[in-house]
């Protein structure tokens, strides 16, 4: 079984994360569509920290003998998912950014044209 | 298909009726080429006065744009550096918007000889190809260059030949021309960094006909080559990955009208 102290610290950590995320959404510093993965992470952490039986089952299922390690592994997995998600967001943004620059440059050339000719 | 390669002497005349009505433009991407750009523009104009010269200034911090417009070229100035692919695509978008029949890429650093223009476009004028690549290898003047560079060029030529099932000898050459079909494709979809190899495959996957014509390459008039060892390695890996992905991608990405 997971030591009580670890459960309490993990639950507190997850709760702080959740509150922080909700506050960021409330103050419009974080858009809902990018917050979803974060919320999912926070909720999963909180649930597994409090529901100690489930964590033990999960750890046993994948062959991890020390349940808190399962929590750690799952958390790392969520972080990876988040990072990958952001890489796709950045790729999309940079493609859109390039298109914008191209449109701008073509339009600028058009505007300057009468003076030049 | 490899037959196209062995036609080093074919040239069309500017007075040829197939060339006379041809609306053609040169896309000249330039980044920090202040010192040579006017010479390049002059050479292009000398080779073919009917070519509309459009310099794409890729966010140069120096006077490249000013010098180019002073030399009489049209200048499209990108607000910041997009890399050669992004700049080139801007040129194709211009060609599409202004309804050009043919676009030729000529580097702003002077390594391509505009005198080869009327040789390069022969397969397009004769309607045998949609994309023509000026190759350094099939010509009478064999291209030298560093050993590693030749290896890289050979490697990509081999891989691309396998993928597109047509023999090509120099897929890294940036001296190339396209007709309307090519302009339409590249305006819509063009790889962003190190675009030459990938765009060749892209064209083939969209069923564009590709031909090669031997041309001379010069060492750059001035400026610095952007090739370092670290970049070469990054280039090889990045482009190899892109090529590998093309095997699993659906084409065509845009409909043919």
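The values are calculated or read from the model by the stated rules, or taken from the named source; none is laboratory data. Worth saying up front: this structure is predicted, and the values here are computed from it rather than measured. Using ideal geometry, Cβ is built from the backbone for each residue, glycine included, and neighbour counts are taken over all protein chains shown.
Every listed requirement among (1) at pLDDT 95 or above; (2) touching a helix residue (DSSP H, G or I) at 6+ places or on another chain (Cβ under 6 Å) is met by residue B:171 save one, (1). Evaluation of residue A:46 against the conditions (1) without any contact (Cβ under 8 Å) to a residue 24 or more places away in the chain; (2) farther than 18 Å from residue A:1 by Cβ; (3) surrounded by 15 or more Cβ atoms within 10 Å (Cβ to Cβ) shows that the sole unmet condition is (1).
Which of the residues that make up segment B:17-27 are at pLDDT 95 or above and either part of a helix (DSSP H, G or I) or within 14 Å of chain A (Cβ to nearest Cβ) (or both)? B:25, B:27 - these are the residues of segment B:17-27 that are at pLDDT 95 or above and either part of a helix (DSSP H, G or I) or within 14 Å of chain A (Cβ to nearest Cβ) (or both).
Note on segment A:1-43: residues that are more than 13 Å from the chain's Cα centre (by Cα), surrounded by fewer than 16 Cβ atoms within 10 Å (Cβ to Cβ) and not in a helix (DSSP H, G or I) total 5. Among the candidates B:108, B:152, B:72, B:91, the residue that is within 14 Å of chain A (Cβ to nearest Cβ) and touching a helix residue (DSSP H, G or I) at 6+ places or on another chain (Cβ under 8 Å) is uniquely B:72.
Could you check how many residues of segment B:53-97 are closer than 21 Å to residue B:131 by Cα and surrounded by fewer than 20 Cβ atoms within 10 Å (Cβ to Cβ)?
Residues in segment B:53-97 being closer than 21 Å to residue B:131 by Cα and surrounded by fewer than 20 Cβ atoms within 10 Å (Cβ to Cβ): 2 in total.
Only a single criterion out of (1) within 14 Å of chain A (Cβ to nearest Cβ); (2) outside any loop (DSSP other than H, G, I, E, B) is not satisfied by residue B:132, namely (1).
Conditions tested, residue by residue: (1) within 22 Å of the chain's Cα centre (by Cα); (2) more than 12 Å from chain B (Cβ to nearest Cβ).
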site	(1), (2)
A:48	yes, yes
A:61	no, yes
A:64	no, yes
A:69	yes, yes
A:74	yes, yes
A:81	yes, yes
A:89	yes, yes
A:94	yes, no
A:109	no, no
